[in-house]
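Chemist: Dropping a structure here in structure tokens format, bear with me for questions.
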Amino acid sequence: MSSIPSNSAESHGRDGSVGELLSAVTSDIQTLFRQEVELAKTEVKQEATKAGKAAGMYGGAGFAGYMVLLFLSSAAVLGLANVMDGGWAALIVTAVWAVIAAVLYQRGRTQMRTVAPKPEQTVETMKENAQWARHPTR
């Protein structure tokens, strides 16, 4: 058995004016919106923390890769030093790295020239939105 009287819902409906009901609905929507924003903030913070840890791992991997190249270069110099003078061996390894650096620089410069400084598509859609807002029937 229900402890609520059968005519309770009917009397509540008669007691609440439309303004009060709209006020309650608005309040509930505002509360829901605030809760959703808080949930979104929490989720973004958690994902940012995970991304920060991943970025740290990438940084560590980059440093480890740098160390590998450093020691590999040293090994190449020492290996070539068995065949020729140590100074020439170091110069050859340095020249190889200079060529690699020049190629990477050139490719990066070429790719950077294709980067658009402003978001063209977004600017275009914003212009369309503004045009529509001025003349919504067109």
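Chemist: Treating the angle as unsigned and between 0 and 90°, give the value, to the nearest 10°, between the Cα long axis of helix 18-81 and the longest Cα principal axis of the chain.
Modeler: Here the helix axis deviates by roughly 10 degrees.
Chemist: How charged is the neighbourhood of M126? Take every other residue with its Cβ under 14 Å from the Cβ of M126, and add Lys/Arg as +1 and Asp/Glu as -1.
Modeler: 0
Chemist: Moving on. About the Cα centre of the chain, how large is the charge dipole given +1 on each Lys and Arg Cβ and -1 on each Asp and Glu Cβ? Please answer in debye to the nearest 20.
Modeler: 700
Chemist: Check the straight Cα-Cα distances from K41 and name the lysines below 17 Å, setting aside those fewer than 8 residues away within the same chain.
Modeler: Hits, sequence-local ones excluded: K50.
Chemist: Under a straight-distance cross-link criterion of Cα-Cα below 19 Å, which lysines are reachable from K118, leaving out those fewer than 8 residues away in the same chain?
Modeler: K127
Chemist: Helix-only estimate, please: 222 nm mean residue ellipticity of the chain, summing -39500 (n - 2.57) across DSSP H runs of length 4 or more and dividing by its residues, to the nearest 500.
Modeler: Estimated from H runs of four or more residues: -29500 deg cm²/dmol.
Chemist: Hey, could you grab the Kirkwood Rh for the chain? Inverse mean 1/r over distinct alpha carbon pairs, Å, one decimal.
Modeler: 24.1
Chemist: Rounded to the nearest percent, how much of the accessible area of the chain (1.4 Å probe, protein heavy atoms only) is carbon and sulfur?
Modeler: 66
Chemist: Hey, if you put +1 on the Cβ of every Lys and Arg and -1 on every Asp and Glu Cβ in the chain, which of N82, L70, G56 ends up farthest toward the positive end of that dipole?
Modeler: N82
Chemist: For the pair T122/Q106, report the inter-label distance in nm, with labels modelled 7 Å from Cα in the Cβ direction.
Modeler: 3.5
The values are calculated or read from the model by the stated rules, or taken from the named source; none is laboratory data. From a predicted model like this one, the values you see are computed outputs, not experimental measurements. Don't worry about glycine lacking a Cβ; one is built from the backbone with ideal geometry, like all the others, and counts go over all protein chains shown. Remember, those area values only see protein heavy atoms, side chains included, never the ligands or the DNA or RNA. Shrake-Rupley method; radii C 1.70, N 1.55, O 1.52, S 1.80 Å.
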